[in-house]
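The values are calculated or read from the model by the stated rules, or taken from the named source; none is laboratory data. Keep in mind it's a predicted model, so treat the numbers as computed, not measured. All Cβ positions, glycine included, derive from the backbone under ideal geometry; neighbour counts span all protein chains shown.
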Amino acid sequence: MAIKGFIKLKAAAFKHRFSVKEPIQKRQRLWIFLLLCMATPSCFAASFSDHQIKAAFIFNFANFVRWPKEAFAGDGSPFVICASNAQSPTIKTLAEVVEDESINSHKLIVKAPFDPTELSDCHILFLEKADIADYQTQLAKLSTGKLLTVSDTRNFVDKGGLIQLTLNKARIQPTINTIQVERSQLKVSSTLLRLANIYRSPAEGDK
């Protein structure tokens with residue numbers, strides 16, 4: 001079964017267990033189950049790979065993080081997820097996941113590869129291990145604006161990234177750098193914060 005179909009099948013089983021205060025379109029509620037699965041170790045069948053789960057998480061971040069209005073050129077402009085490697089299993093799956101999806105009239109699109117000179121058009125930047133060297137020196141600065149930086153590499157939040165997808169007890173779980181979130185122009189849903197690992201980097205004055 002495709003991951004998109006699996007998500008639709010499982011959504012009903014979770015809708016009465018948790019309530020979400022943030023306004024989420026009915027169609028997008030089908031994806032909330034993935035976040036809830038973090039509290040249920042047996043939720044995922046063995047047939048679902050890490051890259052499928054990561055792709056669905058990235059989609060959920062688009063739903064559970066709020067961007068300022070000025071992050072979009074207009075009411076109908078797209079919501080852009082950027083990545084360097086179009087052949088990455090995670091990105092190929094993500095492109096399938098977001099097909100025909102939109103958030104508040106913003107059509108979701110995946111740009112991979114993207115032009116680094118157009119980074120300001122991106123709303124989510126997914127960095128894999130091969131990308132870190134290119135962004136390491138500017139990562140903390142990028143994470144204080146309107147860009148949600150996400151990676152599945154170790155020590156990403158230590159370097160100033162916002163969300164790290166971490167393997168924890170055989171489950172992939174997001175770790176959120178809340179200090180960087182507070183410095184950014186983004187608002188993270190309380191639902192996501194409750195279900196994620198929280199990382200608080202030292203305040204600048206403490207370094």
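Scan the stretch 146-200 residue by residue and report those that are touching a helix residue (DSSP H, G or I) at 6+ places or on another chain (Cβ under 7 Å), touching a residue at least 60 places away in the same chain (Cβ under 8 Å) and of a type in the set (K, R).
K146, R171
Inspect all residues belonging to the stretch 168-178 and state whether any of them is surrounded by fewer than 18 Cβ atoms within 10 Å (Cβ to Cβ) and under 23 Å from E70 (Cα atoms).
Yes, the stretch 168-178 has at least one match.
When N104 is evaluated against the numbered criteria (1) at negative phi; (2) surrounded by 12 or more Cβ atoms within 10 Å (Cβ to Cβ), which criterion, by number, is the only one it fails?
Result: N104 passes all but (1).
Scan the stretch 122-129 and give yes if some residue there is assigned to a helix (DSSP H, G or I), closer than 20 Å to G161 by Cα and either modelled with pLDDT of 90 or more or under 14 Å from the mean Cα position of the chain (by Cα) (or both), otherwise no.
yes
Looking at the stretch 149-176 only, could you name the residues that are among the small types (G, A, S) and either in contact with a Pro (Cβ under 8 Å, 6 or more places away or on another chain) or on the phi > 0 side of the Ramachandran plot (or both)?
Of all residues in the stretch 149-176, those among the small types (G, A, S) come to 151, 160-161, 170.
If the condition is that a residue be among the small types (G, A, S) and either in contact with a Pro (Cβ under 8 Å, 6 or more places away or on another chain) or on the phi > 0 side of the Ramachandran plot (or both), then G160, A170 are the ones that fit.
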